[in-house]
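Enquirer: Quick one: the structure is below, questions incoming.
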Amino acid sequence: MNPIQDKRIILGVTGSIACYKAADLASKLTQAGAQVDVILTESGARFIQPLTFQSVTGRKAYQEKDLWDDQGHVTHIGLGHHADLLVIAPVTANTIAKLAHGIADNLLTLTALAAACPLMIAPAMDGGMFTHPAAQDNLAILHRRGAIVVGPEEGRFASGMVGLGRMSEPQTILGEIRRVLAEGGPLAGRKVVVTAGGTQEPLDPVRYLTNRSSGRQGYALAQAAVDLGAQVILISAPAALTLPAGADLIPVRTAAEMLEVVLDQTAKADILLMAAAVADFKPASTANQKIKKGEDALTLPLTRTADILLQVGKRKAQTGFPRLMVGFAAESENLLANAAQKLSAKHLELIAANDISAADAGFEVDTNRITLLFPGGEQQQLDLMSKAEVSAAILDRCVELLAAKGG
Ligand code: CTP
């Protein structure tokens, strides 16, 4: 499940031109199912109206004057005590200094002092302020206390100067929030290795053999594993996709490179989710120079690549790692028979059979029609689902399988 769903998040907004991005963040958090309470400092409210936040969150956006109304003396305690996370984005050098030294002179810093939940800050500051020793020392204090610091990024400031200090994009902050809220989930302390994308087998310096895999199912699996609190390694062939926050990417190109990295990463892993479309054949040799047109026809000799699951399975038989191996079977005919054959041939704990003959399933679309097959003969047919939902369903079964194995 999306770990942001039903969480109570306080979003502090301090005075920076990056305030406009905070409205987008508030909107994204609300759409992800969070209850978002916004607190604007006085200078924050100069850059952006509370009404903007109220409109996207559907909740009152607090401002400085709320500290002094008839409920004011308890507002900050109430907000701080019930929150799952306090995010301040953008946070100025001034507010960072106050947080570091326990100064509580406005509704936001009072709430921060009263809050029992984790603190995440996304700094935004112009023209070299971020690298000033005062700002760096204050950040180091907050870091030591466990605050999560997101960004800032390099780029062009409002002043026209260029440097380090632009607030991270809302999508990046959202990913970090998702990761932090997933900590302690059912896969906490577990290492999950995911492969994704279609391998590329080079023919010459400009050409390669590949397939239609987009990598979407693998990236969705990596996100689902992060959402359950796992340590996630994503071994990906080239894919035009955003890495889920909290997953570590190891880029590879060929089947041979993928084999080497998978063997290395699964030596102590709990789960291998083998979603990559690995080439079964590669050019027998790779030309050093670009192959010229020459004749009217060209015949390419191909040789077999290693079967990664088979190789990992051999090691698993000796060492017990990875504890679970999950394969994927993309089939255009005899779906269940072919998948069952691969399940047993590759000694998997689970295989996800994917009918790619349907227009709404398989490559380059966001949905899949999947049947899960298990060694005892059990089958679980999933409805037409998004690749994210398929991933969550597969990870749920993995949690059960790991629990059944014990240890
Ligand atoms: N796989 C692998 N190494 C390969 C080829 C496939 O580890 N060289 C994995 C895939 O990542 C997938 C599973 O094996 O999880 C099944 O892949 P698939 O391409 O459906 O099957 P193949 O074993 O390649 O058999 P075939 O191409 O004959 O259908």
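Enquirer: Given Cα pairs under 8 Å that are at least 6 residues apart, what percent is the relative contact order of the chain?
Expert: Working: 885 pairs, mean separation 44.0, N = 407.
After rounding, I find 11 percent.
Enquirer: List the lysines whose alpha-carbon lies under 29 Å from that of LYS292, not counting same-chain residues fewer than 8 positions away?
Expert: Partners found: LYS282.
Enquirer: In what sequence, highest mean first, do 219-231, 177-189 appear when ranked by Cβ atoms within 10 angstrom?
Expert: 219-231, 177-189
Enquirer: Any chance you could list P(r) for the stretch 185-405, counting all Cα-Cα pairs in 5 angstrom bins from zero, rounded to whole %?
Expert: In order of increasing distance, the bins hold 1, 7, 15, 19, 20, 17, 10, 5, 3, 2, 1, 0, 0 percent.
Enquirer: Note down the magnitude of the dipole of the chain about its Cα centre, charges +1 on Lys and Arg C-beta and -1 on Asp and Glu C-beta and zero elsewhere, to the nearest 20 debye.
Expert: Values: 37 positive and 41 negative charges, 159 e Å.
Rounded to the nearest 20 debye, it is 760 debye.
Enquirer: Roughly how many debye, to the nearest 20, is the charge dipole of the stretch 104-184 about its Cα centre, given +1 on each Lys and Arg Cβ, -1 on each Asp and Glu Cβ, and no other charges? It would help to have the intermediate numbers written out before the result.
Expert: Numbers: 6 positive and 8 negative charges, 28 e Å.
Approximately 140 debye in magnitude.
Enquirer: According to the square roots a ≥ b ≥ c of the eigenvalues of the Cα gyration tensor, what is the shape class of the stretch 339-407, taking rounded for a/c under 1.5, prolate for a/b larger than b/c otherwise, and oblate for the remainder? The partial results should precede the final answer.
Expert: Numbers: a/c = 2.57, a/b = 1.51, b/c = 1.71.
Since a/c reaches 1.5 but b/c is at least a/b, the shape of the stretch 339-407 is classed as oblate.
Enquirer: Right, here's the next one. Just how large is the dipole of the stretch 8-181 about the Cα centre, in debye to the nearest 20, putting +1 at every Lys and Arg Cβ and -1 at every Asp and Glu Cβ?
Expert: Magnitude of the dipole: close to 300 debye.
Enquirer: Which of the listed residues, ALA276, PRO322, ASN288, is farthest toward the dipole's positive end in the stretch 270-322, when Lys, Arg count +1 and Asp, Glu count -1 at the beta-carbon?
Expert: ASN288
Enquirer: Could I ask something else about it? Pick out, from PRO205, GLN5, ALA18, the residue whose Cα sits farthest towards the positive end of the charge dipole of the chain, with +1 on the Cβ of Lys and Arg and -1 on the Cβ of Asp and Glu.
Expert: Value computed over the given set: PRO205.
Enquirer: If you don't mind, another one. Just how much of LYS65 is accessible, in Å², when a 1.4 Å probe is used and the result is rounded to the nearest 10?
Expert: So the heavy atoms of LYS65 present about 130 Å² to solvent.
Enquirer: Hey, what do the phi angles of the stretch 349-354 turn into as Karplus ³J(HN,Hα) couplings, whole Hz, using 6.51/-1.76/1.60 and θ = phi - 60°, x for Gly and Pro?
Expert: Residue by residue, the stretch 349-354 yields 8, 6, 10, 9, 8, 10 Hz.
Enquirer: Sticking with this one: With a 1.4 Å probe and all protein chains in place, put TYR62, TYR20, TYR208 in order of accessible area, largest first. Intermediate values should be presented prior to the final figure.
Expert: Numbers: TYR62 45, TYR20 145, TYR208 100 Å².
In descending accessible area the options line up as TYR20, TYR208, TYR62.
Enquirer: Could you go through the stretch 369-383 in sequence order and give the Karplus-derived ³J(HN,Hα) for each residue, using 6.51 cos²θ - 1.76 cosθ + 1.60 with θ = phi - 60°, rounded to whole Hz, and x for Gly and Pro?
Expert: Per-residue couplings from phi come out as 10, 10, 10, 8, 10, 10, x, x, x, 5, 10, 10, 8, 8, 5 Hz.
Enquirer: Using a 1.4 Å probe and counting only protein heavy atoms, arrange PHE53, PHE321, PHE47 so the residue with the most accessible area comes first.
Expert: Numbers: PHE53 0, PHE321 40, PHE47 110 Å².
Sorted by accessible area, descending: PHE47, PHE321, PHE53.
Enquirer: Would you kindly state how much longer the chain becomes between LEU113 and VAL206 on full extension, computed as 0.36 nm times their sequence separation minus their alpha carbon distance, in nm to one decimal?
Expert: Working: separation 93, 0.36 × 93 = 33.48 nm, distance 5.81 nm.
Answer, rounded to one decimal: 27.7 nm.
Enquirer: Is the stretch 288-356 rounded, prolate or oblate when judged by the Cα gyration tensor, a ≥ b ≥ c being the square roots of its eigenvalues, rounded requiring a/c under 1.5 and prolate requiring a/b larger than b/c?
Expert: Numbers: a/c = 3.82, a/b = 1.76, b/c = 2.17.
Oblate is the answer for the stretch 288-356, as a/c is 1.5 or above yet b/c matches or exceeds a/b.
Enquirer: Return the sequence-ordered ³J(HN,Hα) values of the stretch 269-286 in whole Hz as given by the Karplus equation 6.51 cos²θ - 1.76 cosθ + 1.60 applied to θ = phi - 60°, using x for Gly and Pro.
Expert: Couplings: 7, 8, 9, 10, 10, 9, 8, 5, 8, 8, 4, 8, 10, 9, x, 4, 8, 9 Hz.
Enquirer: Determine the alpha carbon to alpha carbon distance for each of LYS28/LYS342; LYS7/LYS98; LYS293/LYS346 and list only those over 29 Å. Working shown, then result.
Expert: Details: LYS28/LYS342 41 Å; LYS7/LYS98 26 Å; LYS293/LYS346 41 Å.
Beyond 29 Å: LYS28/LYS342; LYS293/LYS346.
Enquirer: For GLU400, GLU42, what's the largest-to-smallest order of accessible area, 1.4 Å probe? All intermediate terms of the calculation are to be shown ahead of the outcome.
Expert: Numbers: GLU400 105, GLU42 130 Å².
Per-residue accessible area, sorted high to low, gives GLU42, GLU400.
The values are calculated or read from the model by the stated rules, or taken from the named source; none is laboratory data. Values in this document were obtained by computation on a predicted structure and should not be read as measured data. Note that each Cβ is placed from the backbone with ideal geometry, even for glycine, and that neighbours are counted across all protein chains shown. Surface areas here come from the heavy atoms of the whole protein model, side chains and all, with no ligands, DNA or RNA. Shrake-Rupley method; radii C 1.70, N 1.55, O 1.52, S 1.80 Å.
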